[in-house]
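The values are calculated or read from the model by the stated rules, or taken from the named source; none is laboratory data. Being a predicted model, the structure only gives us computed values, none of them experimental. FYI the Cβ positions are ideal-geometry reconstructions off the backbone, even for glycines, and counts take in every protein chain you see.
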Amino acid sequence: MKLAEALQERADNNRRIEQLRSRLLNNALKQEGEEPAEDPKELLKELDQCIKRQEELIAKINLANASVKTDGKTLTEMIAERDMLNVQISAYRDLINEASTTYQRARNSEIRILSAVNVKELQKKADALSKQLRMIDNRIQETNWTNEI
């Protein structure tokens, strides 16, 4: 199984677990003399199987992420870099948006609000970081589809 397939299965399994939890709650109580729409015992059995499979997938994915190397870095290192690039880009974009806000003055005597940063330079930096993010994300995706776990 490719790492990417395991990641997809993990995501599907997460959704399945949440659905089962919801269905269990919907069938936890019943009116006296009535039967629930679904058998909670069967739902619990299916939930337990999904959770066990999820545990196996997470362990395999984590082991692969820690051992598979691309461009001298493990996938774990690349994922951490990607996550921090997202944080950095978000902070830059927020600053750019705030610094780009213009304020209207009714009279010349009113206080003038100016940007404290160079928006043009920040935008170039944010664009460069976004390109770096796309490149690392593409490399991670490529690695996920080329490595077996």
Subset of segment 22-48 [assigned to a helix (DSSP H, G or I) and surrounded by 13 or more Cβ atoms within 10 Å (Cβ to Cβ)]
Arg23, Leu24, Asn26, Pro40, Leu43, Glu46, Leu47
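Quick grid of which residues meet (1) in contact (Cβ under 8 Å) with a residue 60 or more places away in the chain; (2) closer than 30 Å to Asn138 by Cβ; (3) out of contact with any Gly (no Cβ under 8 Å at 6 or more places or on another chain):
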position: Met1; (1), (2), (3): yes, yes, yes
position: Arg15; (1), (2), (3): no, yes, yes
position: Arg21; (1), (2), (3): no, no, yes
position: Ala28; (1), (2), (3): no, no, yes
position: Leu43; (1), (2), (3): no, no, yes
position: Arg53; (1), (2), (3): no, yes, yes
position: Glu56; (1), (2), (3): no, yes, yes
position: Ile61; (1), (2), (3): yes, yes, yes
Within segment 76-98, can one find any residue that is in a helix (DSSP H, G or I), touching a residue at least 24 places away in the same chain (Cβ under 8 Å) and either more than 26 Å from Lys131 (Cα to Cα) or outside the structural domain of Ala126 (by TED's automatic domain parsing) (or both)?
no
If you check Thr70 against the conditions, is it within 21 Å of Ile140 (Cα to Cα), without any contact (Cβ under 8 Å) to a residue 40 or more places away in the chain and in contact with a helix residue (DSSP H, G or I) (Cβ under 7 Å, 6 or more places away or on another chain)?
no
Here are the criteria: (1) out of contact with any Ser or Thr (no Cβ under 9 Å at 6 or more places or on another chain); (2) farther than 29 Å from Ala128 by Cβ; (3) of a type outside the set (Ser, Thr, Tyr). Tell me which single one Gly72 does not satisfy.
(2)
Free of Cβ contacts under 8 Å to residues at least 60 places away in the same chain and either of a type in the set (Lys, Arg) or in a helix (DSSP H, G or I) (or both): does that describe Glu110?
no
Check on Ile96, surrounded by 12 or more Cβ atoms within 10 Å (Cβ to Cβ), farther than 30 Å from Lys60 by Cβ, at pLDDT 95 or above and β-branched (Val, Ile, Thr):
yes
Take the residues in segment 99-149 that are β-branched (Val, Ile, Thr) and loosely packed, with under 10 Cβ neighbours inside 10 Å, then tell me which one is farthest from Asn65 (Cα to Cα).
Ile111
